[in-house]
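Below is one structure, written out as C-alpha cells; the observations come after it.
What follows is calculated from the coordinates using simple rules that are stated; it is not laboratory data. Please read these numbers as outputs of a predicted model, since none were measured by experiment. Neighbour counts are summed over all protein chains in view; Cβ atoms, including those assigned to glycine, are modelled from backbone coordinates with ideal geometry.
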Amino acid sequence: MPFAITIVPIMPLRAEPSHRSEMVSQALFGECVETEPLINEGWIKVRMQYDGYEGWVTAAHLETITLEEFNAPFTHIANQWAARLSVNDQPMYIPYGCMLKLDNPVWGNVKVVPESGIEIYKQPRSPKTAWNTIAHSFLNTGYLWGGKSVFGIDCSGFTQSVYKILGIPLLRDAYQQATQGELVALIQEAKGGDLAFFDNEAGKITHVGIMLNDQQIIHSSGKVRIDPIDHQGIVNADTGLRTHNLRLIRRLF
C-alpha cells in the first residue's frame, strides 16, 4: 500500500504504533500519505504528502489509491465547521478546511459524495485580503498538541492550516516554518499575515502566530486568541502577563 488517502474526519499521527503514544500531528479527511513497509498490529508508518511529516496511523483510517490519484490536485474544500458528505452511502461530517480531490469521487473502495458545506476550491486570488477571514474562522478553537483542525489545534497547525487554504505551503513545526519566507527586520514593519516566531530560554523556537498588524497577533495558546504584541513579545490580553518572547518575523506574501 504505497499510496493512501485519509477516510476518517481526523486521523491522528502518533510517535509510536500505540493509541497511548504521543500524537505528533493529524491528517484530515482527504489528505494523502505515502506508506512505508512498517506494519505493527494494525498500525502503519506513513509520510504526509503535504509536509513530509511522519508518524504511525491506524491502517483502518486509510484507503489505498493510485499514484495518479495521489498526485491529483485539490478540487473542493469544506467551508463550514462541520461539512457533510456521504461516504459509501453513509453520512460523515468533516472539519472546516478539509481539502478534497473529487475529480474522481471513488477512492479505491470508497465513494465520496459532497452534500453540504463543501464548495469547489479556488485558490484565493489575493492572500493579502483572504488570510484575515480564514484566520478568524479558527477563533476560540481549543489548543491541542499535534492538532490541525477547528476542533483542536496547536500553534503551527493553526498557521499551516490558514496558509494551506491560501495555497501557500508551510512546513509542520514552528521551528521549520521559521526557515521560510523573508525576514522582517522590525516589528513596526510587520503587516497583517506575517508570521511571528517565539523562542524559549534555550533559544529554541517553540511558538508561532499570525500578525494582525504591528500591535496584535492571532495565535493558538490555550485557544486560538488575539493578544497584543510588542518588540519583546506577546502579552496575554486577559491577564496582562507576558507569555512569549519574540524572536523573529517572516513574510510569505
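Consider the range 101-135 and keep the residues that are of a type in the set (Lys, Arg) and not in a strand (DSSP E or B). The one that is nearest to residue 158 (Cα to Cα) is 128. The set of residues in the range 172-231 that are within 13 Å of residue 249 (Cβ to Cβ) and basic (Lys, Arg) contains only 191.
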